[in-house]
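K.L.:
Okay, handing you the structure first.
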Amino acid sequence: MYDIIVIGAGPAGLTAAIYARRASKKVLVLEAKTYGGQIVNTLDIENYPVERHISGFDFATKLYNQAKDLGAEIVFEKVIDIKNNDEFKEVITNKQTYKAKTIILATGADNRKLGIDNEDKLLGKGISYCATCDGAFYKNKIVAVVGGGNTALEEALYLSDIASTVYLIHRRDEFRGSDRTVKDLKKKNNIEFIYNSNVTKLNANETLESIEVTNKVGQTNNLEIDGLFIAVGRIPENQNFAKIIELDEHGYVKAGEDCHTNIPGIFVAGDNRIKSLRQLVTATSDGAVAATEAVKYIRESEK
């Protein structure tokens with residue numbers, strides 16, 4: 001029987017493990033793939049307090065080693081289900097079943113991709129899914145944003161203050177995002193709108209050099225750009241918990257800043273919960289909060 005089982009070994013999950021072990025709790029971290037989550041693909045992190053420049057891989061490795069050194073048990077197995085019993089919780093993986101007093105869901109969210117050749121290969125080499133994370137690398141350069149929702153509009157607005165030119169590419173003839181943000185974008189003289197179009201090809205040698213854009217009647221245009229920011233949505237990794245955990249219409253766990261789910265003793269941390277800002281610093285913050293709340297829950301349950 002573990003005190004806390006953390007599902008996911010990204011920044012939120014590993015931070016939760018660190019805080020839980022510092023409270024002397026018996027902790028198991030379960031991860032389906034590799035530690036670090038999406039941050040391992042980031043070549044240079046420069047917006048995290050204290051660390052002015054660090055690769056995503058180095059950051060994740062430091063977190064992983066810190067959790068291990070504190071005594072967290074980290075096992076690489078895929079979680080396929082969780083169950084809430086009266087006195088304990090169960091976590092079922094593809095190999096076995098574990099019991100715990102509490103669970104922290106830290107499975108994150110994956111970026112929805114365009115699904116074209118070389119998209120994965122060029123991540124960090126001209127392709128990004130986060131303007132706040134990587135926009136500074138494109139100062140006075142030419143970039144494009146793909147998407148039509150609020151995230152895409154906000155990314156384009158953010159980049160317009162950094163890049164020399166921003167192409168905003170959307171597959172429809174009007175945006176799904178905020179009218180106010182659209183009005184703000186139209187006030188910018190360095191944003192060019194491309195409607196009824198999709199990015200259909202990525203041209204690169206070592207890094208991205210240009211993109212092919214195809215409109216709804218099949219006409220193509222080649223745009224020379226330095227960076228492509230893809231903002232066509234995210235997919236929260238909550239499918240295996242949907243039977244008992246309350247999710248919103250987009251699949252994110254309904255939870256506030258205290259990281260409590262609708263089930264007592266089950267908490268959530270990171271990008272898979274409802275939140276306004278999904279950044280590395282907010283993921284680690286969630287991990288600290290969720291672990292602290294889990295420890296509090298255990299303490300009150302044992303009274």
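The values are calculated or read from the model by the stated rules, or taken from the named source; none is laboratory data. Just so it is clear, the model here is predicted, and its values are computed rather than measured. So basically every Cβ, Gly included, is an ideal-geometry build from the backbone, and we count neighbours across all protein chains shown.
K.L.:
Name the single residue that is surrounded by the most Cβ atoms within 10 Å (Cβ to Cβ) among those in segment 87-135 being on the phi > 0 side of the Ramachandran plot and in contact (Cβ under 8 Å) with a residue 40 or more places away in the chain.
P.N.:
Going through the qualifying residues, I end up with Gly108.
K.L.:
Inside segment 169-221, can you point out the residues that are among the polar types (S, T, N, Q), under 26 Å from the mean Cα position of the chain (by Cα) and more than 21 Å from Ile116 (Cβ to Cβ)?
P.N.:
Ser178, Thr181
K.L.:
When the residues of segment 250-283 are narrowed to those that are among the β-branched types (Val, Ile, Thr) and within 17 Å of the chain's Cα centre (by Cα), which ends up surrounded by the fewest Cβ atoms within 10 Å (Cβ to Cβ)? Talk me through it step by step, then tell me what you get.
P.N.:
The first filter runs over segment 250-283 and keeps only residues among the β-branched types (Val, Ile, Thr), leaving 253, 261, 263, 266, 268, 274, 281-282.
Imposing the further condition that a residue be within 17 Å of the chain's Cα centre (by Cα) reduces the set to 253, 268, 274, 281-282.
Working: Val253: 27, Val268: 29, Ile274: 14, Val281: 12, Thr282: 17.
Filtering first and then ranking leaves Val281.
K.L.:
Quick check on this structure: which one of Ala100, Ala136, Ala144 is farther than 15 Å from Phe229 by Cα and small (Gly, Ala, Ser)?
P.N.:
Unique residue meeting the criteria: Ala100.
K.L.:
Could I ask something else about it? Against the condition farther than 30 Å from Phe137 by Cα and modelled with pLDDT of 90 or more, how does Tyr48 come out, does it pass?
P.N.:
Answer is no for this residue.
K.L.:
A follow-up question, please. Given (1) more than 30 Å from Ala290 (Cβ to Cβ); (2) modelled with pLDDT under 95; (3) buried (at least 22 other Cβ atoms within 10 Å of the Cβ), identify the lone condition not met by Val143.
P.N.:
(2)
K.L.:
What is the residue count in segment 70-93 for residues that are aliphatic (A, V, I, L, M) and closer than 17 Å to Asn240 by Cα?
P.N.:
From segment 70-93, those aliphatic (A, V, I, L, M) are 70, 72, 74-75, 79-80, 82, 91-92; that's our starting set.
Okay, now just the ones that are also closer than 17 Å to Asn240 by Cα, so 79-80, 82, 91-92.
Residues in segment 70-93 being aliphatic (A, V, I, L, M) and closer than 17 Å to Asn240 by Cα: 5 in total.
K.L.:
Would you confirm whether or not segment 264-280 contains a residue that is in contact with a helix residue (DSSP H, G or I) (Cβ under 7 Å, 6 or more places away or on another chain), among the aliphatic types (A, V, I, L, M) and either assigned to a helix (DSSP H, G or I) or not assigned by TED's automatic domain parsing to the domain that holds Thr42 (or both)?
P.N.:
The answer is yes; a qualifying residue exists.
K.L.:
Then there's this: Which one of the conditions (1) surrounded by 17 or more Cβ atoms within 10 Å (Cβ to Cβ); (2) touching a residue at least 60 places away in the same chain (Cβ under 8 Å) does Val213 fail to meet, given that it meets all the rest?
P.N.:
(2)
K.L.:
Being over 26 Å from Lys125 (Cβ atoms), surrounded by fewer than 16 Cβ atoms within 10 Å (Cβ to Cβ) and of a type in the set (D, E, K, R) narrows it down to one of Asp173, Asp161, so name that one. Don't jump to the end; show me each part of the working.
P.N.:
Numbers: Asp161 fails: over 26 Å from Lys125 (Cβ atoms).
Testing whether each residue is over 26 Å from Lys125 (Cβ atoms), surrounded by fewer than 16 Cβ atoms within 10 Å (Cβ to Cβ) and of a type in the set (D, E, K, R) leaves just Asp173.
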